[in-house]
1. Name the single residue, out of those in the stretch 60-79 being within 19 Å of the chain's Cα centre (by Cα) and more than 12 Å from Arg19 (Cα to Cα), that is modelled with the lowest pLDDT.
2. Just checking, how many residues over the stretch 16-42 are of a type outside the set (A, V, I, L, M), without any contact (Cβ under 8 Å) to a residue 24 or more places away in the chain and closer than 21 Å to Gln58 by Cβ?
Amino acid sequence: MDAGDTTRTYEVVASRAGRRVETAVRRGVVEVSEVTRSGSVVRTARFMATRVLALVEQPVPRIDDGEREEGPLREDPKS
């Protein structure tokens with residue numbers, strides 16, 4: 001975001017499993033919303049489109065079964 005003499009960064013994150021972040025540009029306003037599985041909006045952030053410098057969407061990487069071996073469910077080698 002352009003904040004006049006500086007820039008600011010805002011992060012909107014889907015905070016729970018099953019939620020997603022949706023982005024819409026309407027009437028000069030960028031609207032970023034966190035949405036539940038059923039489609040209910042949990043929270044919304046609105047920014048003037050003329051002030052937005054960049055909008056970056058980053059999907060969460062999926063975990064393959066092969067990668068789960070190193071996760072918290074691995075066996076303890078001491079036992």
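1. The qualifying residue modelled with the lowest pLDDT is Ile63.
2. 10
Conditions tested, residue by residue: (1) modelled with pLDDT under 85; (2) surrounded by 11 or more Cβ atoms within 10 Å (Cβ to Cβ); (3) touching a helix residue (DSSP H, G or I) at 6+ places or on another chain (Cβ under 8 Å).
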site	(1), (2), (3)
Met1	yes, yes, yes
Thr6	yes, no, no
Arg19	no, yes, no
Thr23	no, yes, no
Val29	no, yes, yes
Val41	no, yes, no
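The values are calculated or read from the model by the stated rules, or taken from the named source; none is laboratory data. Because the structure is predicted, anything quoted here is derived from the model rather than measured. When we count neighbours, we look across all protein chains shown, and the Cβ atoms used for this are built from the backbone with ideal geometry, even at glycine.
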